[in-house]
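Below is one structure, written out as structure tokens, with a few remarks after it.
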Amino acid sequence: MKIIITGGTGFVGSNLTLDLIKKGHTVFITGREAAEELQSPLITYLGPDFINLSWEKIGPIDVVFHEAACNDTTLLDKEEMFKVNFDWSRQLFKEAQNAGVKKIIYASSTAVYGNTPPPFKESGPFKPLNPYAESKKLLDEFAEKFIKEHPEMIVVGLRYCNVYGPGEGKKGKRSTLIYQLARIMQKENPKIFKDGEQKRDYIYIKDVVRANLLSMNATESGIYNCGFGQAVSFNDLIKILNEVLGLNRKPEYIDNPYIDRYQSFTECDMSLASEKLGFIPEFDIKKGIRDYFESGFLIN
């Protein structure tokens, strides 16, 4: 197949790109991070931006994976956030449809649920807490309308939970708490928000890639959760990391400066993704962190 991956140099996008070329697909990528690590005759770099692509020069495309986004959840500039995550994404959908693309798979986020009671179900309720979450909710609403207007296309949205694994280091301060804790714990006790019982549903990158690959086979459109389906507390993360890394660090508690716009408990209901996509995550948090450590990317 011929495939476009926006954000193909980013965390999820690069892992997806590498897996697809291993399977023999021809991949075109966009992205703002360095593309040097993705060297292959099966990969063509289209540039940093994902709109106004030269679709005629690219030729027929089977699938578009839309992974590019402004994903800094602390950014309060609504205009910038909405421009990238909603306006440009909406334009991409329309360009792809005009170019004859029949399948779009895009990255949404469980941030759309905010502090609603878990487990999160795709039908809601929704309570976005920041511009990032609001932009993703707008994109989901547009996708639902787009699906109705273009029944000839398959559109699949994956609401990513907290994705961790090899390659997330390029995200810097936006990397997961797992990655950041592992780095800190090499040197000292980690500081976490009081009282450490905040919970997150973490999904390993290998499972996320597999969810995207399964979405390529979808025969109907839909928006689905993409998490593991079981939350883990910050305190338990430290215990697991101590075990995997051979350490004995103790958490030190600090105030949370984002308390008014902070998701304190995320957990996905994964039944719809299982039913519609056949997606059942393979890596629980212990297995995922162990695999991450053995990859050499967790602390190196």
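Taking a ≥ b ≥ c as the square roots of the eigenvalues of the Cα gyration tensor of the stretch 243-300, is the shape rounded (a/c under 1.5), prolate (a/b larger than b/c) or oblate? Oblate, since a/c reaches 1.5 and b/c is not below a/b. Please report the net charge: other residues with Cβ closer than 15 Å to the Cβ of residue 52, K and R +1, D and E -1. Once positives and negatives cancel, what remains is 0.
The charge dipole of the stretch 193-300, taken about the Cα centre with unit charges on the Cβ atoms of Lys, Arg (+1) and Asp, Glu (-1), comes to about 260 debye, rounded to the nearest 20. So which of 2/171; 145/173; 23/145; 173/239; 127/148; 23/57 end up more than 29 Å apart, counting from Cα to Cα? In this structure, 145/173; 23/145 exceed 29 Å between Cα atoms. Our coupling estimate for the stretch 194-200, obtained by passing each phi through the Karplus curve with A = 6.51, B = -1.76, C = 1.60 and θ = phi - 60°, is 4, 9, x, 9, 4, 10, 10 Hz, Gly and Pro reported as x. With a cut-off of 13 Å between beta carbons, the residues surrounding residue 100 carry a summed charge of 0, where Lys and Arg count +1 and Asp and Glu -1.
Modelled label positions at residue 99 and residue 40, each set 7 Å beyond Cα in the direction of Cβ, lie 1.9 nm from each other. Relative to the longest principal axis of the Cα atoms of the chain, the long axis of helix 285-295 makes an angle of roughly 80 degrees. Apply the Kirkwood formula to the stretch 20-159: the hydrodynamic radius equals the inverse of the mean of 1/r over all pairs of different alpha-carbon atoms; give it in Å with one decimal. Result for the stretch 20-159 stands at 16.3 Å.
Paramagnetic label reach from residue 271 (point 7 Å along Cα→Cβ; backbone nitrogen cut-off under 13 Å): within the stretch 94-129, residues 119-123. Connecting C-alpha atoms closer than 10 Å in a GNM of the chain, tell me which of 226, 161, 70 has the biggest fluctuation. Looking only at 226, 161, 70, the biggest GNM fluctuation is shown by 70.
Specify the residue with the greatest mean-square fluctuation among 165, 100, 222, computed from a Gaussian network of the chain linking alpha-carbon atoms under 10 Å apart. In the Gaussian network model the winner is 100. If you take the square roots of the eigenvalues of the alpha-carbon gyration tensor of the chain and sort them as a ≥ b ≥ c, do you get rounded (a/c under 1.5), prolate (a/b over b/c) or oblate? Verdict is prolate for the chain. When the chain is described by a simple charge dipole with +1 on each Lys and Arg Cβ and -1 on each Asp and Glu Cβ, the residue from 205, 160, 50 located farthest towards its positive end is 205. Pairing the Cα long axis of helix 131-149 with the longest principal axis of the chain, what angle in degrees results, from 0 to 90 and rounded to the nearest 10? That works out to roughly 30 degrees. Spin-label pair residue 149-residue 220: with each label point 7 Å from Cα along the Cα-Cβ axis, the two points sit 2.3 nm from one another.
Arranged from highest to lowest average of other beta-carbon atoms within 10 Å per residue, in what order do the peptides 118-124, 74-80 appear?
Working: 118-124: 16.6, 74-80: 12.0.
Ranking, from highest mean packing down: 118-124, 74-80.
None of the figures in this text is laboratory data; all of them are computed from the coordinates on show. Every value quoted in this text rests on a predicted model; they were computed, and no experiment measured them. We place every Cβ from the backbone using ideal geometry, glycine too, and count neighbours over all the protein chains shown.
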